[in-house]
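The values are calculated or read from the model by the stated rules, or taken from the named source; none is laboratory data. Small disclaimer: the values here were computed from a predicted structure and weren't measured. Cβ placement follows ideal geometry from the backbone for every residue including glycine, while neighbour counts extend to all protein chains displayed.
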Amino acid sequence: MDKIVALCKRRGFIYPSSEIYGGIAGFWDYGPLGVELKNNIKREWWKRMVYEREDVVGLDASIVMNPKVWEASGHVQGFVDPLVECKNCHNRFRADKIVDSTCPKCGQKGKFTEPKKFNLLTEVYLGVTEPKQKAYLRGEITQGVFVNFLNVVNSSRVKIPFGIAQVGKAFRNEITPGNFTYRSREFEQMELEYFIKPDEKEGEKTFEYWKKQRINWYKSMGIKTENLRFRKHADDERAHYARAAYDIEYKAPFGWSEFEGIHHRGDWDLGRHKLNYKNPETGGEFTPWVIETSGGVDRTALFFLIDAYQEEGKRVVLKLNPKLAPFKAAVFPLLANKKELVDKAKKVYHLLKTNFFTAWDERGNIGKRYFSQDEIGTPFCVTIDYETLENETVTVRDRDTMKQERVRIDKLNEHIKNKLKVDRI
């Protein structure tokens, strides 16, 4: 993990938030490369979950909602963690994360207060005069979908079964944020709420369908199969809304860790909000069941980085799926002090830049430039040399194999576009 954290800071993936003032626990800023990685993850997720389907539409709900939403959903009462305090160092921890009664901070054993319930919702206060209205930063993005259920049904042509997808920020007042960006107080989620008829067989079938769809998406995006697994929630650990729940876990350096959940929410949410679906064919009404897939964008980005990180001798390389890589290509003039090479390279750079996010690099020797791009996951490096000036071909070097091939400039966009296509499961 130390190498991943150092790489993220050094190359502009992730920085500690407000670092010049000492930072703040559980908050992170994404740099020039990190924001591209996150955007690419969200873009590919949205493409798979919305654009490629006929039964899913999108939504972007507000972060702050009427606090009655969280009362109805059960979060005000049920969205809690057990909190204990070490009597020796006075640091606070989640009781369920304490191992062998030993304080993770000072190492003292058996010196904790009795567990207390701690609500994870983050309070905010609205208005310009006292008393101000208490509200909450959303603890999950899910409820924005449910409170807009009828709006979506009435304003679009969706019919059950159908889904509503959303990507957005959520906030949780985590007791002990840690493991880099894994447990944060501000994070992004990408979720699908899929509505079905209240039927046991249909529920089981749809639940299994989305389990398969979601784990296969991570595999198709490049995460190694051996680093993924499902874990079923025990009866006593399921969320207050869940009839059934599975986690997709990743084999991280700090152990198997959840980064997406597939939940059978039944009619809990729409029932609590007193919302029904009117069948346009029969005229009858019922409360739909919901199958949910809920993934963390930040955790997914972290695990893609960890899974892609490799050391090959002196070369550090991020073997990210090209679709997720921040830069798709980098353009180099062979020699930075030869005007004719630089001018030609600039033309190639601008040619590619209209189609792909492309890097320009003329620092140091060509080998160092290759290794620099390998470290940030750029899949293709394009070098303009003296042969380019003679026959309009360039050298395209592949990140993973380090093999090089000559490609005509007028075929370069098509060549890279074809290379970016990755077979799916």
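From V342, V348, V382, which residue is within 30 Å of I223 (Cβ to Cβ) and either surrounded by 13 or more Cβ atoms within 10 Å (Cβ to Cβ) or assigned by TED's automatic domain parsing to the domain that holds L33 (or both)?
V382
Please tell me if K42 is free of Cβ contacts under 8 Å to residues at least 24 places away in the same chain and either within 18 Å of S294 (Cβ to Cβ) or of a type outside the set (S, T, N, Q) (or both).
In short, no.
Among (1) more than 30 Å from G284 (Cα to Cα); (2) of a type in the set (V, I, T); (3) more than 24 Å from the chain's Cα centre (by Cα), where does V158 come up short?
Only one criterion is unmet by V158, namely (1).
Please go through the stretch 8-30 and pick out each residue that is outside any strand (DSSP E or B) and surrounded by 15 or more Cβ atoms within 10 Å (Cβ to Cβ).
C8, R11, G12, F13, S17, G26, F27
Report, ordered by the first and then the second residue, all pairs with beta carbons closer than 7 Å, sequence separation of six or more or different chains, a first member in the stretch 370-398 that is without any contact (Cβ under 8 Å) to a residue 24 or more places away in the chain and closer than 29 Å to K9 by Cα, and a second member that is surrounded by fewer than 22 Cβ atoms within 10 Å (Cβ to Cβ) and not acidic (D, E).
So the pair list comes out as V396/Q404; V396/V407; V396/H415.
With the requirement that a residue be of a type in the set (A, V, I, L, M, F, W, C) and either assigned to a helix (DSSP H, G or I) or modelled with pLDDT of 75 or more (or both), what does the stretch 80-120 give you?
Step one: of the stretch 80-120, the residues of a type in the set (A, V, I, L, M, F, W, C) are 80, 83-84, 86, 89, 93, 95, 98-99, 103, 106, 112, 118, 120.
Once the filter is applied, which keeps residues that are of a type in the set (A, V, I, L, M, F, W, C) and either assigned to a helix (DSSP H, G or I) or modelled with pLDDT of 75 or more (or both), the stretch 80-120 yields L83, V84, C86, C89, F93, A95, I98, V99, C103, C106, F112, L120.
Counting only residues that are within 23 Å of the chain's Cα centre (by Cα) and either free of Cβ contacts under 8 Å to residues at least 40 places away in the same chain or within 23 Å of F162 (Cα to Cα) (or both), how many does the stretch 47-76 have?
15
In the set K219, K212, which member is among the basic types (K, R), free of Cβ contacts under 8 Å to residues at least 40 places away in the same chain and not in a strand (DSSP E or B)?
So the residue among K219, K212 that is among the basic types (K, R), free of Cβ contacts under 8 Å to residues at least 40 places away in the same chain and not in a strand (DSSP E or B) is K212.
Restricting to the stretch 333-344, count the residues that are out of contact with any helix residue (DSSP H, G or I) (no Cβ under 6 Å at 6 or more places or on another chain) and closer than 21 Å to G377 by Cα.
Total meeting the criteria: 0.
Determine which single condition I41 fails, assuming it passes every other condition in (1) part of a loop (DSSP other than H, G, I, E, B); (2) modelled with pLDDT of 95 or more.
With respect to (1) part of a loop (DSSP other than H, G, I, E, B); (2) modelled with pLDDT of 95 or more, I41 is out only on (1).
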